[in-house]
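The values are calculated or read from the model by the stated rules, or taken from the named source; none is laboratory data. Keep in mind the model is a prediction, meaning the values are calculated, not measured. Cβ placement follows ideal geometry from the backbone for every residue including glycine, while neighbour counts extend to all protein chains displayed.
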Amino acid sequence: MKTYFIIIHLVVCNIIIANFFSPTAHSSAQQIKVGSKKFTESVILGEIVTHLIKSTGEQPVYLRELGGTRVLWNALIKGEIDIYPEYSGTISEEILSGEGVYSEEDIRQALAKHGIKMTNPLGFNNTYAIGMKEEVSERLKIGKISDLRQHPDLKFGFGNEFMDRGDGWPTLRNDYHLPQQNVRGLDHDLAYRGLEKGTIHAIDIYSTDAKVRYYNLRILKDDLNHFPAYNAVILYRADLEERAPHVITVLKKLESKIPESEMIKMNSRANLDMVSESQIASDFLSESFSLETETYEETTIGRLLRHTGEHLFLVAISLSAAIIISIPLGILSAKMPGLGQVILGIVGIIQTIPSLALLVFMIPLLGIGGPPAIMALFLYSLLPIVRNTYTGFQDIRPQIRESAEALGLPPGARLRLVELPMVSRSILAGIKTSAVINVGTATLGALIGAGGYGQLILTGIRLDNMSLILQGAVPAAVLALIAQGCFEILERLFVPKGLRLKPAC
Amino acid sequence: MIQIQGVSKTYGQAAALHSIDLTIPAGQTTVFIGQSGCGKSTILRLIIGLIQADSGSVYFEGTRVTPDVVTSLRRKMGYVIQEGGLFPHLTAYDNVALMARYLGWSDERIKGRLNELSELTHFPSEGLERFSVQLSGGQQQRVSLMRALMLDPDVLLLDEPLGALDPMIRADLQVDLKRIFQALGKTVVLVTHDIAEAGFFGDVITLLKDGRVLQKGTLEELIQSPADPFVTRFINAQRSPLDVMRKDSK
Ligand SMILES: Nc1ncnc2c1ncn2[C@@H]1O[C@H](COP(=O)(O)OP(=O)(O)OP(=O)(O)O)[C@@H](O)[C@H]1O
Ligand SMILES: [Mg+2]
């Protein structure tokens, strides 16, 4: 029992540490929260919006790179965020798919039913497009998609998503009667490389992608209007009109102010020149609105500390909860074999759910950010502790059990004085395994906006920046090692000396 | 002291005891002997309530041994298991003191009792701070005995207490044990499969075979008037070194 109390004590310490680092502890409900999706353009637009709101004197919170469309939309509806940049095509095709809303007026009405409003388009249209190398299209005199009909031998390389989408290759081919046979589905990065080498002549691309400039691509004109428009807009909660009308006023300033060329330039500064999104947003506001804003540039150390805090927060809460729940579950499984099989079966099944899927399952229940990530990590941490507690009890020799019982100790005292000390090593080993798994899996929390080292890794992948990826991956590995080391020290403290001795022979 | 009335016990399909009737008198040493698997340990486990009889009943000092009362009855019994019954996470001292501490004895009282016991069992007092892996087999059994005697029980139940020891140590401990039994004048129930040991300790020897009592009496009676040919075979199976020499010299 002593062991258990000490473990609980540790847990309490963890929670105190966790609160100290908690990123959400200080944000009030009245603050305006801006969100963005996990690709560069959305992050930049989010920064622009955030800077603009700051210029009104508000102190908005910017939750960047929260995830995909579903995550952001649900967060907006639930009020976890107030504002985020979106595309008209995405609203028609994904968010309100099945409602058949395409005109701006229909979209506005449909959104209003959810308590959401939309600005007018910001200017650029980030639609799917077909791109070719400038010199190739020049040579073959191809300026629009229908020109492709004259060149049946051209080879196309399309992203796998584009091969399947409703507005992707199958319907594009039908609409334009394209004759090309050599069409492959492949990874985007490989497609660019093929384009460079000349093994592929045309690819699918977002019209504002930084790569358009980098690879010197020509975007073919969609002369039959095959691709739906993906006009950038800003979605916001209708209640913002009462809560902060001045914020709506500044949002509307952006309408028609960002042409395609400007967005391509901003995207490529982020992706190719490695300028921070905050800086890019600030430069844009200064050029287009003569609005001077303070850019918020985090130092590398500051950023590392922040992510460490977030990561520890996720790990500490989820692991502590798992410890408190799993040890009794393990004891119960050992004492009641029937129930035990059920418990072990359930925690075993949880472990087989892919971590990404588990994270996504949590979103409808707990929204985005820390809570769903903590819940998923908690569930993942159960099995090693439950199983080790259970097998620890199974491994107690029958003579020991019999001796304890024959002494006349009641069951509770046997558990406290004999059984728990004897399984302490096995339990600690289980906690150690859980901690290491937990620290590693917590990097995935960034996918649903929970922050942590995974955020650096994700941003690194997005910007193709190896240094950033390492800044996330290395501390995560170090943290796992530290956790392991700590538990080895704890083992010395908690496991009775008699169990650590080896027999003399 | 202990009455066993019509007790049968079956583990799954295998019958371990068949309707046993026995009385264990107070103040004497009763020895159970028999082949491996004949049910000796089962009888001890029934007495101390680790298992329940399928039919029949066991009485300890007139009280029927049932799960409700067994915890308090156990504190009047000392039980020494065959081997490996010491708690490895506790020192010898803590093993012996565990139950007394649980019952709230003062440290002084515990210490005094331990001194008495280590003197009685000839256990070196510097060994008390060691863990069981740091003790020899003989020392471990002395600690087990001290633990069984700690609360000054009315009856001592010993399940092959010397089974795992080498012959010299075993002989030493036999002498010590007998001295202790005589000094304490306690009721002792001892299990062994060694006929010489049974004769050495036993006021009464009970020979079991396949879960039945075959014969009950002194060693003399078992040799002189065996109730069954098996009794003679069992006794003769354990020849002494002298027998072996005599046979070889022919
Ligand atoms: N927990 C159990 N489950 C099933 N069968 C058991 C169990 N314990 C004992 N038995 C069986 O019951 C019979 C009597 O066992 P018991 O332990 O009383 O024998 P024993 O006379 O003490 O033998 P030994 O001298 O080897 O210790 C044996 O056949 C044994 O296999
Ligand atoms: Mg036995």
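Kindly list, by first and then second residue, each pair from a residue in the stretch A:334-356 that is in the same structural domain as A:Gly440 (by TED's automatic domain parsing) and assigned to a helix (DSSP H, G or I) to a residue that is surrounded by 14 or more Cβ atoms within 10 Å (Cβ to Cβ) and β-branched (Val, Ile, Thr), limited to pairs with Cβ atoms under 8 Å and residues at least 6 apart or on different chains.
A:Ala334/A:Thr389; A:Ile343/A:Val386; A:Leu344/A:Val386; A:Val347/A:Val386; A:Ser355/A:Thr441
Could you list, in sequence order, the residues of the stretch B:186-227 that are without any contact (Cβ under 8 Å) to a residue 60 or more places away in the chain and of a type in the set (Phe, Trp, Tyr)?
Matches in the stretch B:186-227: B:Phe200 only.
So which residues in the stretch A:245-254 are over 29 Å from the mean Cα position of the chain (by Cα) and not in a helix (DSSP H, G or I), if there are any at all?
A:Lys253, the sole residue that qualifies.
For residues in the stretch B:29-45 being within 13 Å of the chain's Cα centre (by Cα) and more than 12 Å from chain A (Cβ to nearest Cβ), which is nearest to ligand 2 (Cβ to nearest atom)?
Applying the filter and picking the extreme gives B:Lys40.
For the stretch B:25-41, enumerate the residues that are within 12 Å of ligand 1 (Cβ to nearest atom), of a type outside the set (A, V, I, L, M, F, W, C) and assigned to a strand (DSSP E or B).
Result: B:Gly34, single match.
Take the conditions surrounded by fewer than 15 Cβ atoms within 10 Å (Cβ to Cβ) and out of contact with any Cys (no Cβ under 6 Å at 6 or more places or on another chain) and apply them to A:Lys265. Does it pass? Walk me through how you get there before you give the answer.
Values: surrounded by fewer than 15 Cβ atoms within 10 Å (Cβ to Cβ): no; out of contact with any Cys (no Cβ under 6 Å at 6 or more places or on another chain): yes.
Considered against the rule, which asks whether it is surrounded by fewer than 15 Cβ atoms within 10 Å (Cβ to Cβ) and out of contact with any Cys (no Cβ under 6 Å at 6 or more places or on another chain), A:Lys265 comes out as no.
Considering the stretch A:372-423 alone, what residues qualify as being among the β-branched types (Val, Ile, Thr) and within 12 Å of chain B (Cβ to nearest Cβ)?
A:Ile396, A:Ile400, A:Val418, A:Val423 - these are the residues of the stretch A:372-423 that are among the β-branched types (Val, Ile, Thr) and within 12 Å of chain B (Cβ to nearest Cβ).
Any chance the stretch B:66-78 includes a residue that's in a strand (DSSP E or B) and either among the hydroxyl-bearing types (Ser, Thr, Tyr) or within 16 Å of ligand 2 (Cβ to nearest atom) (or both)?
No.
Just to check your reading of the model, which residue among B:Leu50, B:Leu22, B:Leu44 is more than 21 Å from A:Gln399 (Cβ to Cβ) and either within 14 Å of ligand 1 (Cβ to nearest atom) or outside any loop (DSSP other than H, G, I, E, B) (or both)?
Every option except B:Leu22 fails the conditions.
State which residue pairs qualify: first residue in contact (Cβ under 8 Å) with a residue 60 or more places away in the chain and at positive phi and inside the stretch A:301-316, second residue part of a helix (DSSP H, G or I) and surrounded by 23 or more Cβ atoms within 10 Å (Cβ to Cβ) in any location, beta carbons under 8 Å apart, and separation of 6 or more residues or different chains.
Partner pairs satisfying both residue conditions: none exist.
Restricting to the stretch A:463-505, and then to whatever is away from chain B (no Cβ under 14 Å), surrounded by 17 or more Cβ atoms within 10 Å (Cβ to Cβ) and of a type outside the set (Gly, Ala, Ser), can you tell me which residue is farthest from B:Phe87 (Cα to Cα)?
Selected residue: A:Leu463.
Considering (1) crowded, with 19+ Cβ neighbours inside 10 Å; (2) of a type in the set (Val, Ile, Thr); (3) farther than 29 Å from B:Leu73 by Cβ; (4) away from ligand 1 (no atom under 16 Å from the Cβ), say which one B:Thr187 fails and leave the rest.
With (1) crowded, with 19+ Cβ neighbours inside 10 Å; (2) of a type in the set (Val, Ile, Thr); (3) farther than 29 Å from B:Leu73 by Cβ; (4) away from ligand 1 (no atom under 16 Å from the Cβ) applied to B:Thr187, the lone miss is (3).
Looking only at the stretch B:64-74, which residues are within 9 Å of another protein chain (Cβ to nearest Cβ) and surrounded by 17 or more Cβ atoms within 10 Å (Cβ to Cβ)?
Restricting attention to the stretch B:64-74, the residues satisfying the condition of being within 9 Å of another protein chain (Cβ to nearest Cβ) are B:70-74.
Correct list: B:Val70, B:Leu73, B:Arg74.
Condition first: more than 14 Å from every other protein chain (Cβ to nearest Cβ) and in a loop (DSSP other than H, G, I, E, B). Now tell me which residues in the stretch B:106-136 satisfy that.
Those that are more than 14 Å from every other protein chain (Cβ to nearest Cβ) and in a loop (DSSP other than H, G, I, E, B): B:Ser106, B:Thr121, B:His122, B:Phe123, B:Pro124.
Are any of the residues in the stretch B:50-63 in contact with a Lys or Arg (Cβ under 6 Å, 6 or more places away or on another chain) and within 16 Å of ligand 2 (Cβ to nearest atom)?
yes
Just to check your reading of the model, which residue among A:Lys117, A:Lys141 is assigned by TED's automatic domain parsing to the domain that holds A:Gly166 and surrounded by fewer than 21 Cβ atoms within 10 Å (Cβ to Cβ)? Steps first, please.
Values: A:Lys117 fails: assigned by TED's automatic domain parsing to the domain that holds A:Gly166.
A:Lys141 is the lone residue from the list that is assigned by TED's automatic domain parsing to the domain that holds A:Gly166 and surrounded by fewer than 21 Cβ atoms within 10 Å (Cβ to Cβ).
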